[in-house]
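Asker: Got a structure here, written out as structure tokens. Questions coming.
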Amino acid sequence: LPLRSLAELLSGRGSVDVPPGSPAWPLSLLAFVAACHAERLPGQLETATPASAVANGRCAEEALLDKQLRRAVNPKKMHEIVRLGALADRLGRAAGCDEMVDVGSGQGYLSRALAFEHSWTTVGVEAVSSNVVAARKIDDAVRPKLRSQLEARQPLAPLRHVAAWIP
């Protein structure tokens with residue numbers, strides 16, 4: 001597959017038609033492209049149209065995430081938190097899991113959403129200890145506010161952040 005064709009396919013400008021006499025594109029590549037397009041921000045590939053926005057100029061996912069969990073979160077990260085949180089929740093429940101582990105959790109935004117929005121007992125594992133300190137600091141600021149807001153509908157699940165290197 002020529003590099004230009006791959007770039008066009010991934011950008012959404014190319015087609016999945018295989019030229020006559022060329023080998024068929026692997027199903028794994030087609031599945032990867034479909035997954036990339038399903039998870040992208042709305043309007044991400046169109047240059048003339050901005051991403052789906054709400055009245056305050058941020059993103060559509062803002063309405064789906066509690067304001068305490070979206071503090072200092074940019075629209076791209078918010079999109080990731082909402083989409084990955086919902087996906088992990090569905091997969092975890094379908095697989096009958098009891099807990100979630102967020103490997104490479106950074107400052108814990110996804111871990112926090114899994115614990116506080118989706119009620120998963122969650123452990124965030126991060127190699128950079130300063131990120132773990134920052135995640136715990138955010139947890140300490142957010143937990144009391146969320147407790148009063150969310151516990152009426154569901155208890156806050158346990159959340160821990162640990163510094164560890166997983167080879």
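Asker: Relative to the present Cα-Cα distance, how much length would full extension add between A94 and V133 at 0.36 nm per residue of separation?
Answerer: Roughly 10.8 nm would be gained on extension.
Asker: Working out 0.36 nm times the residue gap between V162 and A86, then minus their Cα-Cα distance, what length gain in nm do you get to one decimal?
Answerer: Full extension from V162 to A86 adds 25.1 nm.
Asker: In addition: Can you give me the solvent accessible area of I138 with a 1.4 Å probe, rounded to the nearest 10 Å²?
Answerer: Rounded to the nearest 10, that gives 50 Å².
Asker: Say each of S148 and S28 gets a label point 7 Å from the Cα, pointing the same way as Cα to Cβ; how far apart are those two points in nm?
Answerer: The answer from the label model is 5.3 nm.
Asker: Using 0.36 nm times the number of residues separating A35 and A141, minus their current alpha carbon distance, what extension gain do you get?
Answerer: Length gained, A35 through A141: 34.6 nm.
Asker: I would also like to ask the following. Suppose every K and R has +1 on its Cβ and every D and E has -1 on its Cβ; what is the size of the dipole of the range 83-167 about the Cα centre, in Debye to the nearest 20?
Answerer: 240 debye
The values are calculated or read from the model by the stated rules, or taken from the named source; none is laboratory data. Quick caveat: nothing in here was measured; it's all calculated off a predicted structure. Here Cβ is always computed from backbone atoms with ideal geometry, including for glycine, and neighbour counts include all displayed protein chains. The protein model used for the area step is the full one, side chains on, heavy atoms only, and it has no ligands, DNA or RNA in it. Shrake-Rupley method; radii C 1.70, N 1.55, O 1.52, S 1.80 Å.
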